[in-house]
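Bear in mind these aren't lab numbers, they're just calculated from the coordinates by the rules spelled out. These figures come from a predicted structure and were not determined experimentally. Quick reminder, even Gly has a Cβ in these numbers, built from the backbone with ideal geometry, and neighbours come from all protein chains shown.
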Amino acid sequence: MDEKNKLVYKGIEESAFAVLASKLNRFIESNTLHYLYFSGEIGSGKTSYIRILLKHIGINETIKSPSFNMVEHYETEKKTIYHVDLFRMRNPTAWQDGEIGSLFEEENTLIFLEWPEKAKGLPTPDARLEISLGEHHIEKNQRDLSIYFKEPSLLDNQHFLLPK
């Protein structure tokens, strides 16, 4: 994705993740975002951020990590949401032949996909989020976050300003 379609947040805490989740949810509700990919090292907070996002969408059930099952799904009145974790996938094209590949063909779906770098040939995401621990944020439980958007129009900074 293009570097000019990128927002960067440095040293943000979990409360700021919640604010960003509510802002992203506006685009999800308006059917602008369908595929969101999450990258970052182990322990950077990908699954935690997805949990926060799912809560903002209205998922009230227990949100499990799909690390072992590879796919967890949730239902809302308007769409089915899939949380996919490719960390354990060994063959980079294996996602195409099974359950995961068919998810991209369904209508009214939202896919949160962790570890997209483990796969080849994935559809282009509407947004890619890169979460990192940052050099100085570990002891403060802060993260750095970069969000890349496929559509430059989504980059209107007014939507994504964080409170100080």
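Annotations
- For the stretch 88-96, Karplus couplings with θ = phi - 60° (6.51, -1.76, 1.60), whole Hz, Gly/Pro x: 8, 6, 8, 9, x, 10, 4, 4, 5
- Other-chain or far-sequence residues with amide H under 5 Å of I111's (modelled H): Y35, L36, Y82
- Local electrostatic count at D97 - Lys and Arg +1, Asp and Glu -1, tallied over other residues with Cβ under 14 Å: 0
- Gyration tensor verdict on the chain (Cα atoms; rounded if a/c is under 1.5, prolate if a/b is larger than b/c, oblate otherwise): rounded
- The listed peptides 4-10, 79-85, ordered by packing as a protection proxy, come out as 79-85, 4-10 (highest mean of other Cβ atoms within 10 Å first).
- In this simple spin-label model, placing a label point 7 Å from the Cα along the Cα-to-Cβ direction at both S15 and N69 gives a separation of 3.3 nm.
- To the nearest ten degrees, helix 46-57 and the longest principal axis of the Cα atoms of the chain are 90 degrees apart.
- The stretch 67-81 - phi-based ³J(HN,Hα) in whole Hz, Karplus 6.51/-1.76/1.60, Gly and Pro as x: 4, 9, 7, 6, 9, 10, 10, 9, 10, 10, 4, 9, 7, 9, 10
- Dividing the summed helix terms, -39500 (n - 2.57) for each DSSP H run of n ≥ 4, by the number of residues in the chain produces a 222 nm estimate of -6500 deg cm²/dmol to the nearest 500.
- Segments 11-21, 35-45 sorted - mean Cβ within 10 Å per residue, highest first: 35-45, 11-21
- Listed residue pairs exceeding 26 Å between alpha carbons, taken from K64/K150; K4/K55; K55/K120; K55/K78; K78/K150; K10/K78: K64/K150; K4/K55; K55/K120; K10/K78
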